[in-house]
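A.B. asks: After the structure tokens below, expect a handful of questions from me.
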Amino acid sequence: MNKKKKVFLFGIDGLPPEVFHSFIKQGCLPNFEKLINNAKQIDIIPTLPATTAPGWLSIASGASPGTIGVENILLPNFNKTPDSIINGFDSRYSGVEYIWETFSNHNLDATVLKYPGSWPPRDGDFIQIDGAGGYADITCKFDVAPSKGYVAGVENISESSPEQLFPSGYKDHWRIDTEVKDIVEVFPRDAVGWTGLPEAYTTEFEFVIHIDQKGSNAKKILFGLVYRTNNTFKMLLSKSKDASNVKTYLEEGQWSNWIIEDEYLHPYAYRLKLIELDIKEKRFRLYRSEGHRLYGYTNYPELEQDLLNKVGPVVEWTGTYDYMNQLIDLETQLEIYEEHTNWMIRAIKYLTENKKWNGFFTQWHVIEYAHHLVGACLDKEHPYYNSINVERDLEFLKQVYILADKIIGEIQSVIDDDTLLVIASDHGHDLVHSIFYINNFLVNKGFLTLSENNEIIWSETKAYALFPGLIYINKVNTWKYGIVKDNEIDLICSEITNELRDVIDPNTRKHPIKVVLDRSDLKGFGHYGNRSPDLVFCMDKGYEVASRISDNSELLFEISIPYKEVTSGHGSFFPFSKSARTIALFSGPNIESDSHALPHNLVDIAPTIASYMEIPPPRNCEGRPINIFKSVK
């Protein structure tokens, strides 16, 4: 053990090597370009499936998904029904030691900042900040008031999607546009009863908006007023019709400062942006960001006031939901990314400069989200490629990578010569042009039965599947209403496998199923725990699996619509494929600066860190250290 040494792990979710290197070649990522010239680059094979939860936990522990006990984002809730899911990011479902816990066990100081799957914090003497959300579009337990759009005079307000059957428990962790209306129509009216307004204000109209606060039946009310002053139209929002209680003043295109709500059980903060304002038509678009708690999101409560004062309120929600459901435009989405990135930078600088650390572990999810949103711009194979704004989307994507480069520059400014900098990703990204409805397929083939009300009849159902391609047999000894006996499992798995291999996409006339793996095959991919599926199938580039059962159960394939559904993905791809693979970079003292010829697995990152720090790897570690150091001649 060497206490002079340090490790900084910066995780970038969903980093596709080709896109990354193309932006470096364009010269817009100078910090990465300089780093790569002095770094060891490793080709990385993700977990099966190539999803966020098992990926980041494998990086943190050096263990395979089966050993961890977290084999997917969506985990089945045994002794219920196969569609009953729990959140795979909850640290209580993980049975392994994380690298920061290893540091703590060896009297090394560690800081964990917004690392997926790390909340709630477990025993150990390390600093942890959040980690309960902000990735994989999951809602955070510290989200008091989910983001919202308020509109007036706007036609074609985003409507709910056709009714679909989602896995039970899904809406407890993810926002579903078929269940919640997050664009709220407000109605302008003549302004009356306002007091304390300057004489120079000429009122145009007023309105009211509500803020739904989780865990409370009481809604927060803000009174809005649009007015003219000095030939400029503005909007104010106030807790009453008294100008002395104004929360913010806005012009078109402007963000408010942070608005603190401290009258609620859990004080929180949010910002507002006036996206559009048209006085003549009495039309506007107003966006409210997520209201994240100001306290209770660390394992050191005394740290939270310093973070609030020095770093600012947590900027967490960067998910795809708001843009895909038309709460915001792409320009606003990039501004949200920028504010989140700046908060991360301030947090990193404050924590590294003011707290002792030998290991710093953090993750940034923005590149993953950006590819989900505009991935179609990278591949002419998408059927709607010619109808999207390719030039705009490519520039948006480039600006997101520039944000990543900005963070790297700031990290490099706070680390010293004895610090090993590890930049790792959990999986790559590639085109998604079609959605495959696996449970519709199981219905069509007689393995899953629906009632006339589109509800699953478990007493007649043999199998159910979860995103991104995990199939569970409805076994007698596993599920609440299981019907399949042990001696019938292999036959049903064989039947489903054969049917999957025969699937043809009517739009492309291709067989999109790349591989189907049974339980014996899955052991080679680290699936041998209690939560292991009975089958896993992977798809070719261009396809992603959906768990939901569509309103038309005959529908098997549907083209993904840009800006409303993901057009780039990862979870359904085979981990050895070019579409799923990613990279890791190691930079620091005595590092061999080149590209490693042989690929490695995510489980090899934690033992490499431990080896550098001269400590044992985390308990249950199954990986091996990567040879990243210069040879001694």
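The values are calculated or read from the model by the stated rules, or taken from the named source; none is laboratory data. These numbers come from a predicted model, not from an experiment. Using ideal geometry, Cβ is built from the backbone for each residue, glycine included, and neighbour counts are taken over all protein chains shown. Side chains are part of the model used for accessible areas, which takes the heavy atoms of the whole protein and leaves out ligands, DNA and RNA. Shrake-Rupley method; radii C 1.70, N 1.55, O 1.52, S 1.80 Å.
A.B. asks: With contacts defined as alpha carbon pairs under 8 Å and 6 or more residues apart, what's the relative contact order of the stretch 438-580 in percent? Provide the component values of the computation, followed by the final result.
C.D. replies: Values: 207 pairs, mean separation 35.3, N = 143.
Relative contact order here is 25 percent.
A.B. asks: Tell me which aspartates and glutamates have Cα within less than 13 Å of residue 356's Cα, excluding those fewer than 8 residues away on the same chain?
C.D. replies: Answer for residue 356, where 13 Å is the Cα cut-off: 109, 125, listed by chain and number.
A.B. asks: Which whole DSSP H helices in the chain pass both tests: a Cα extent of 20 Å or more along the axis and a mean Kyte-Doolittle value no lower than -1.0?
C.D. replies: Values: long enough: 330-354 (36 Å, -0.66); 390-414 (37 Å, 0.29); 486-501 (24 Å, -0.43).
Flagged H segments are 330-354, 390-414, 486-501.
A.B. asks: Would you please give the FRET efficiency between residue 240 and residue 329, computed as 1/(1 + (r/R0)^6) with r the Cβ-Cβ distance and R0 = 35 Å, to the nearest 0.05? Display every interim value, and only then the final one.
C.D. replies: Numbers: r = 31 Å, r/R0 = 0.88.
Taking R0 as 35 Å, the efficiency between residue 240 and residue 329 is 0.70.
A.B. asks: With the crude spin-label approximation of a point 7 Å out along Cα→Cβ, what separation in nm comes out for residue 594 versus residue 390?
C.D. replies: Going from the residue 594 label point to the residue 390 one covers 3.8 nm.
A.B. asks: Counting only heavy atoms of the protein chains, get the accessible area per residue of the chain (1.4 Å probe) and round it to a whole Å² value.
C.D. replies: Per residue, the chain has 39 Å² of solvent-accessible surface.
A.B. asks: Can you check what the Kirkwood hydrodynamic radius comes to for the stretch 205-353, Cα pairs only, in Å to one decimal?
C.D. replies: Numbers: mean 1/r = 0.0593 Å⁻¹.
One over the average 1/r among Cα pairs gives 16.9 Å for the stretch 205-353.
A.B. asks: Next up: Report the full-extension gain for the segment residue 195 to residue 280: residue separation times 0.36 nm, less the Cα-Cα distance, to one decimal in nm. Intermediate values should be presented prior to the final figure.
C.D. replies: Numbers: separation 85, 0.36 × 85 = 30.60 nm, distance 2.45 nm.
Full-extension gain reported as 28.1 nm.
A.B. asks: Sticking with this structure for a sec: Using the Cα atoms of the stretch 432-475 to build a convex hull, what is its mean projected area in square nanometres?
C.D. replies: Numbers: hull surface 14.2 nm².
Averaging across all directions leaves 3.5 nm² for the Cα convex hull.
A.B. asks: Which of 380/406; 141/247; 214/564; 5/355; 34/406 have a Cα-Cα distance over 18 Å? Each step should come with its number before you reach the end.
C.D. replies: Values: 380/406 30 Å; 141/247 26 Å; 214/564 26 Å; 5/355 15 Å; 34/406 13 Å.
With Cα atoms farther than 18 Å apart: 380/406; 141/247; 214/564.
A.B. asks: Given Cα positions, please report Rg to Rh for the chain, the hydrodynamic radius being the Kirkwood one. Spell out each step's value before the answer.
C.D. replies: Values: Rg = 25.3 Å, Rh = 25.8 Å.
Rounded to two decimals, Rg/Rh equals 0.98.
A.B. asks: With a ≥ b ≥ c taken as the square roots of the eigenvalues of the C-alpha gyration tensor of the stretch 470-578, please select rounded if a/c is under 1.5 and otherwise prolate if a/b is larger than b/c or oblate if it is not?
C.D. replies: prolate
A.B. asks: A follow-up question, please. Mean residue ellipticity at 222 nm from the helices of the chain, using -39,500 (n - 2.57) per DSSP H segment of n ≥ 4 over the full residue count, to the nearest 500 deg cm²/dmol? If you can, show how the numbers build up before the last one.
C.D. replies: Working: 14 runs with 146 residues, N = 633.
Calculated mean residue ellipticity at 222 nm is -7000 deg cm²/dmol.
A.B. asks: Taking all pairs of distinct Cα atoms, average 1/r, flip it, and tell me the Kirkwood hydrodynamic radius of the stretch 331-432 in Å to one decimal place.
C.D. replies: Values: mean 1/r = 0.0645 Å⁻¹.
After inverting the pairwise mean of 1/r, the radius is 15.5 Å.
A.B. asks: In the chain, carbon and sulfur make up what percent of the accessible area (probe 1.4 Å)?
C.D. replies: Working: 11080 of 24950 Å².
Of all accessible area on the chain, carbon and sulfur atoms account for 44 percent.
A.B. asks: Would you please state which residues of the stretch 54-91 a label at residue 480 would reach in this model, taking the label point 7 Å out along Cα→Cβ and a backbone N cut-off of under 12 Å?
C.D. replies: Of the residues in the stretch 54-91, 77-85 have backbone N under 12 Å from the label point off residue 480.
A.B. asks: May I ask for the percentage of alpha-carbon pairs in the stretch 200-278 that lie more than 16 Å from each other? Don't skip to the answer; put the middle values down first.
C.D. replies: Numbers: 1654 of 3081 pairs.
Looking at the stretch 200-278, the distances longer than 16 Å represent 54 percent of pairs.
A.B. asks: Here is a further query. Working out 0.36 nm times the residue gap between residue 78 and residue 309, then minus their Cα-Cα distance, what length gain in nm do you get to one decimal? Working shown, then result.
C.D. replies: Values: separation 231, 0.36 × 231 = 83.16 nm, distance 4.43 nm.
Stretched out fully, the residue 78 to residue 309 stretch lengthens by 78.7 nm.
A.B. asks: In percent, what relative contact order does the stretch 29-103 have, based on Cα pairs under 8 Å that are 6 or more apart in sequence?
C.D. replies: Working: 74 pairs, mean separation 18.5, N = 75.
So the answer I get is 25 percent.
A.B. asks: Please identify every one of the GluC sites (Glu not before Pro) in the stretch 529-567 that sits in a loop by DSSP and has no more than 12 other beta carbons within 10 Å of its own beta carbon.
C.D. replies: Details: sites: 544, 554, 558, 565; in loops: 554, 565.
In loop regions of the stretch 529-567 (DSSP not H, G, I, E or B), the sparsely surrounded GluC sites (Glu not before Pro) are 554.
A.B. asks: How much solvent-accessible surface does residue 104 expose, in Å² to the nearest 10, with a 1.4 Å probe and all protein chains in place?
C.D. replies: Accessible surface of residue 104 is approximately 20 Å².
A.B. asks: Go ahead and collect, in residue order, the members of the stretch 490-511 whose backbone nitrogen is under 11 Å from a label point 7 Å along the Cα-Cβ direction of residue 449.
C.D. replies: Within reach of a label on residue 449, which here means backbone N under 11 Å from a point 7 Å along Cα→Cβ, the stretch 490-511 contributes nothing.
A.B. asks: Given a cut-off of under 8 Å on Cα pairs at least six residues apart, what relative contact order in percent is computed for the chain?
C.D. replies: Details: 1438 pairs, mean separation 164.4, N = 633.
With pairs under 8 Å counted, the relative contact order is 26 percent.
A.B. asks: Once you have the Cα-Cα distance between residue 168 and residue 38, take 0.36 nm times their residue separation minus that, and quote the gain in nm to one decimal. Intermediate values should be presented prior to the final figure.
C.D. replies: Numbers: separation 130, 0.36 × 130 = 46.80 nm, distance 4.86 nm.
Using 0.36 nm per residue and subtracting the Cα-Cα distance, I get 41.9 nm.
A.B. asks: Order 220, 510, most accessible first, counting only protein heavy atoms with a 1.4 angstrom probe. Mind showing how you got there, number by number?
C.D. replies: Details: 220 30, 510 120 Å².
From most accessible down to least: 510, 220.
A.B. asks: Here is a follow-up. Over the Cα atoms of the stretch 274-322, what Rg and Dmax result, in angstrom?
C.D. replies: Computed over the Cα atoms of the stretch 274-322, radius of gyration and Dmax are 16.6, 52 Å.
A.B. asks: State the percent of C-alpha pairs, over all pairs in the stretch 1-136, separated by a distance greater than 25 angstrom. Let's see the in-between values first.
C.D. replies: Working: 3534 of 9180 pairs.
In whole percent, the long-distance tail amounts to 38.
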